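Here's the structure we're looking at; comments come further down.
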């Protein structure tokens, strides 16, 4: 799938040999606040403010942060349930950002992001996507690239919908109360022509079996199931689309602790069988620690730290990550640890603080922290931190 | 364009410019609506609170049944019944604006017209007999107009009161021993009024446009009757003019209600 | 987060409905009117006793909705064995009341169905798509709402001309706003439910999302509201007929029959209740018809939507 060029300079680490399934590039999502008679926009909620990370095939990435940090918005924007304000969403080596725009807007996007730069004589590709699209531009011209990127948009949309699925948080509101489980599960695949109507019962039954629900229950309504069972149905719904990536948005947060581990284990089993990739969105670090292979920590719409799980939990470099971790309960009364209690509340995403977003609550903030915003940089191999003084806490 | 300058055309029904015809008749309609407003608001809210407090008791059922019957009565059926009973049978409340003798005095040039409302002007002129005569003529339409709308207001008040009475702060008030009277009047009633104020807009529309049919039945020369006559005689200019006039009043009425809303709901005031 | 209402409750609701005395009264009244409307040709035979055919039998009416003129005396005639409700303007009041039931159902159902459908379409588009579409549609709704209904209907009927169909058009044009607002508000609520987002993530087309996921979860309050509006719509239509704008002269319509009556009452000060029957029978028919719908709507609302109580 991937262009061979793309992996050339990435051989230094084993992890990076893996193929990138999803790349989020500087994703921004602002929500307008309107007021007054004319509903003028008076301010913006900066829910997601420049987030970048990658998800490799077959891995589980944990996206963690306090409630209100924008992690759910990242998920929704990824799925294009919200249109991103700016930034790119790259799936399987193709830019998908413009897929859900009307054609004229999609064209404008391609012109702005690619064509305007490609037409410049001094153009230098900055990433593999540039290289790939520039190749097409050189060989087939402007029309060729436009056709490649915005031709058959409807088909591209459908493929995108098949490739990325979501499992929601609330097992009560995530299933339509007036539809039978059979129809809830078959609706998507039938719309995509993944199987014929005559096969539907068989396929739905098998999917239910796979998530541990008796196939004869497919004629029931959602309210006849428990929370854990409903969540399994939600997983089956995603699974039936043969997705490459499943976004699990607090998928077990609403469940009882005893049921939680069952569902988690089910998801991990399914991952192995179907070669799935997960993006697990959660506020629960212990859950993240249990399932993910890499972790992305968000604070106030920005990524503050990202690393492999082992590195992150052994040596958190950002003061915020460290504070979060000190809050994980450890089931050992002998174990004495220093708890870091953060002062104050999360600042409003409408008016984020100047400099580092975390500095008003940071126990080790220095003057520069309130002036300059630290960029995400690779402090150790594959360990990225956005902090002026990483590891100082 | 002409309409924006106040020129609404010539009214064939009124035999005068539309605007003049409307403004000349508006006081009669206004007087009727104003008089109807008091029984509607007073009785509607009072009974609504009563019904909610006595929920599912006999009184509540009785009030609800009367209200739903009242709400089901077409205004012209009720108006005809009122006219039949109080005019045909009892002879108390005749149709029209005024008796003939009073009309002649009112039309005379030295009769002061300050407010153009018949009852008020009669008092200003010190003519108590004319005041009584005007009152006699307005009672029938007022009964008819208010009967329908208090039923509406009662329902809203009752349901909103019931909701408030189930709120935590009312329970808290009861739990800490506040007398039931104060619970209802100080804690519940004021909060229950908020949705009531919001439907006041619908009520203003209802009262004002309700005058159309009632003025026809009771032969009062307000703008409602003007509109009805104009509609039958296909006098577009007059019908459009009156509708425009009603709409303007309605928009103004809603504006006033928004302001009232802020008075009743401190949350709105703060933001 | 709240547990959605499951369907197995349907039975329980029906039982609750049947325990409510006012609901029973409402449904029985409605059933009565339905029967009267269906069997109108047998209850009040559509014949003109003044005109006999060659066999000496009264001739059938071409249009049963035009009340036959039986006697040329226009003064109301009190009830008798032949004409149990009396006569007015030479026409049998009983005949008018019976056939007027059909007129009432026809007007009420047609206008309610069409205006509710229009409201649902506009409200759904507005609520589902939001943004500037919503903004424009809601401003239009506001404009329509700022014109008093009865007057608006009067304006339109003067422009279109008199007649029952024109009145009905006018009532549809100015009668969709309530349903539109209600469905929009409900959709705004349901739209953020996760099962709708899930359907979007599955790539289901907007049309099917609205049809399969949103409307089934929002339509109940709208239908209840529609049944409660039936009553007031019939009143308005009759009111227009009463003013002389709706049904043509002599049409079997409760409102226009009362229109006949008005002049007789106005001219009779002090002369007791001479013409009571001319108000009472058509008036009662209307009141009971409207009451039936209001009771039914009220009961449905109590049972299906306790929030609205």
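Annotations
- Euclidean distance of C-alpha centroids, region B:95-158 and region A:174-235, integer Å: 70
- Remark: the Cα gyration tensor places region B:9-264 in the prolate category, a/c being 1.5 or greater and a/b exceeding b/c.
- Compared with the dominant Cα axis of chain C, that is its longest principal axis, helix C:254-266 is turned about 50°.
- With Cα atoms, 0 to 90° folded angle of helix B:58-72 axis to chain B main axis: 30
- By the count of neighbouring beta-carbon atoms within 10 Å, fewest first, A:44, C:176 end up ordered A:44, C:176.
- Peptide packing: for B:169-182, A:286-299, the average count of neighbouring Cβ atoms within 10 Å per residue gives the ranking A:286-299, B:169-182, highest mean first.
- GNM flexibility winner over chain A from A:330, A:181, A:304 (Cα, springs under 10 Å): A:330
- For A:385-391, mean number of other protein chain Cβ atoms within 10 Å: 0
- Centre separation in Å (Cα based) which lies between region C:115-181 and region A:337-382: 54
- Selected from A:66, A:83, A:147 as most flexible by GNM, with chain A as the system and alpha-carbon contacts under 10 Å: A:147
- In terms of other Cβ atoms within 10 Å, C:249, A:145 run from fewest to most in the order C:249, A:145.
- Among B:152-158, C:65-71, sorting by the average number of other beta carbon atoms lying within 10 angstrom of each residue, highest first, gives B:152-158, C:65-71.
- Angle of helix B:223-232 to the longest C-alpha principal axis of chain B, folded into 0 to 90 degrees and rounded to 10: 60°.
- Taken residue by residue and averaged, Cβ atoms of other chains lying within 10 Å of the Cβ of A:192-203 number 0.
- Listed residues C:233, C:25, C:164, most fluctuating in chain C (Gaussian network, C-alpha, under 10 Å): C:25
- Gyration tensor verdict on region C:99-224 (Cα atoms; rounded if a/c is under 1.5, prolate if a/b is larger than b/c, oblate otherwise): prolate
- Across region A:163-290, Cα pairs under 8 Å and at least six residues apart give a relative contact order of 34 percent.
- Antiparallel DSSP beta bridges within the protein assembly as shown, as percent of all bridges there, nearest 5: 70
- Burial ordering of C:154, A:241, fewest other beta-carbon atoms within 10 Å first: A:241, C:154
- Cα shape, the protein assembly as shown, gyration tensor, a/c 1.5 rule: prolate
- In the protein assembly as shown, the DSSP-assigned H stretches of four residues or longer account for a calculated mean residue ellipticity at 222 nm of -17500 deg cm²/dmol, using -39500 (n - 2.57) per stretch and the full residue count as denominator.
- Counting Cβ atoms of other protein chains within 10 Å of each residue's Cβ and taking the mean over peptide C:278-287 gives 4.
- Mean Cβ count within 10 Å, highest first, over the residues of peptides C:194-200, A:273-279: C:194-200, A:273-279
Every read-out reported here was derived from the displayed coordinates using simple, explicitly stated rules and does not represent laboratory data. Here the structure is a predicted model, which means the values were calculated and not measured. Quick reminder, even Gly has a Cβ in these numbers, built from the backbone with ideal geometry, and neighbours come from all protein chains shown.
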